[in-house]
Amino acid sequence: MPVPSEGLDAIETPAPVIEVRDLVKSFDGKVILDRINLEVRRGETMVIMGGSGSGKSTLLRCLIGSLKPESGSVRLFGREITQLDEDGLNATRKRLGILFQSGALFNSMTLRQNIALPLSEHTSLPPETIEIMVKIKLELVGLREHAEKYPGQISGGMKKRAGLARALAMDPQILFYDEPSAGLDPVTSAEIDMLIKSLSRQLGVTSVVVTHEMDSAFTVADRMAMLDKGRMILVDRREMFERIRDGREPEDEQLATIRQFLLGAAEGPITRRRQSTSYAEDLLGSAAREHSRPSLLPTRSSDQ
């Protein structure tokens with residue numbers, strides 16, 4: 001395993017705004033997140049990667065407080081959110097913005113109304129001020145001229161940008177992106193990536209991007225985190241992941257797993273792991289482990 005890079009990181013490292021310690025989350029007895037540790041620094045863009053079922057979305061939901069872990073700690077802005085009541089959580093969430101995978105816009109509202117909604121619900125600002133703020137947010141994402149359109153009248157990429165404008169409505173300090181490039185064509189995906197980078201520079205927000213799109217990940221990331229089967233196997237600067245991808249790091253089984261994922265290769269530790277799973281266990285789950293006899297033998301005795 002490579003030692004996390006120091007050098008520039010050791011000089012005036014910004015304080016973390018997100019701190020995760022020994023986080024464990026399970027569903028129906030199956031561990032989804034296994035002792036996760038992660039820090040996200042103020043002003044950086046952290047990309048969280050991993051294959052389907054690796055725990056990315058579950059981790060995101062724990063970070064925003066919509067899931068409570070079995071054990072471990074999640075601190076936002078120095079506050080332990082796992083211990084907050086609903087009022088405390090709501091106060092913290094006002095400092096967050098979330099771009100959902102689908103955009104999650106209300107179809108019965110115009111883009112202007114969608115973006116004005118959180119301002120109307122959570123502030124006492126006068127309508128004239130809200131209108132100005134809505135125009136500013138729409139301008140940031142290049143949609144000011146489309147303010148009176150409904151979600152059904154715009155493209156998928158425009159919906160993502162409108163969802164981002166709504167996520168920015170409350171001037172959040174942390175922005176969470178859930179698969180921002182999902183379902184988009186390559187050109188629109190690249191535009192969203194540039195928008196994420198531009199907003200980070202202009203607004204100075206901390207960004208957490210959950211994705212399995214490698215082009216997007218390497219475009220927007222300052223640092224990257226790799227999840228595999230519920231465990232955090234590496235957190236480091238983007239440059240280290242580039243070295244692993246390009247084969248410039250001595251390779252052990254763990255780095256080979258990361259490299260296969262980064263390259264989208266058909267052969268490697270991930271596919272070998274899948275192929276080594278017993279066919280009977282894959283089909284029957286625990287039943288295959290409990291019954292060791294061959295499945296072709298009769299399951300009832302001959303005197304029944």
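Descriptive notes on the structure:
- Flag if R75 is more than 18 Å from I192 (Cβ to Cβ) and of a type in the set (K, R): yes
- Residue satisfying condition, being farther than 27 Å from R201 by Cα, charged (D, E, K, R) and at pLDDT below 90, within set E6, E86, E80: E86
- Within the stretch 257-279, none of the residues are surrounded by fewer than 18 Cβ atoms within 10 Å (Cβ to Cβ) and under 30 Å from I132 (Cβ atoms).
- Meets criteria (under 19 Å from I98 (Cβ atoms) and at pLDDT 95 or above) for V40: yes
- Top-ranked residue of the stretch 24-38 - restricted to ones that are without any contact (Cβ under 8 Å) to a residue 60 or more places away in the chain and surrounded by fewer than 21 Cβ atoms within 10 Å (Cβ to Cβ), ranked as nearest to L175 (Cα to Cα): V24
- Test: residue in the stretch 210-219 that is on the phi < 0 side of the Ramachandran plot and free of Cβ contacts under 8 Å to residues at least 24 places away in the same chain: no
- Filtered residues of the stretch 120-159 (kept if within 21 Å of L195 (Cβ to Cβ) and of a type in the set (A, V, I, L, M, F, W, C)): M133, V134, I136, L138, L140, V141, L143, A147, I154, M158
- Looking at M109, M170, just one residue is within 19 Å of R93 (Cα to Cα) and part of a loop (DSSP other than H, G, I, E, B), and that residue is M170.
- Extreme residue, farthest from K25 (Cα to Cα), among residues of the stretch 220-275 that are assigned to a loop (DSSP other than H, G, I, E, B) and in contact (Cβ under 8 Å) with a residue 60 or more places away in the chain: E249
- Here E253 passes the criteria (1) under 26 Å from L23 (Cα atoms); (2) acidic (D, E); (3) surrounded by 13 or more Cβ atoms within 10 Å (Cβ to Cβ) except the one numbered (3).
- Yes/no for R61 being free of Cβ contacts under 8 Å to residues at least 40 places away in the same chain, surrounded by fewer than 20 Cβ atoms within 10 Å (Cβ to Cβ), under 21 Å from K229 (Cα atoms) and among the basic types (K, R): yes
The values are calculated or read from the model by the stated rules, or taken from the named source; none is laboratory data. Since the model is a prediction, treat every value here as computed from it, not as a measurement. Methodologically, a virtual Cβ is constructed for each residue, glycine included, from the backbone with ideal geometry; neighbour enumeration extends over all protein chains shown.
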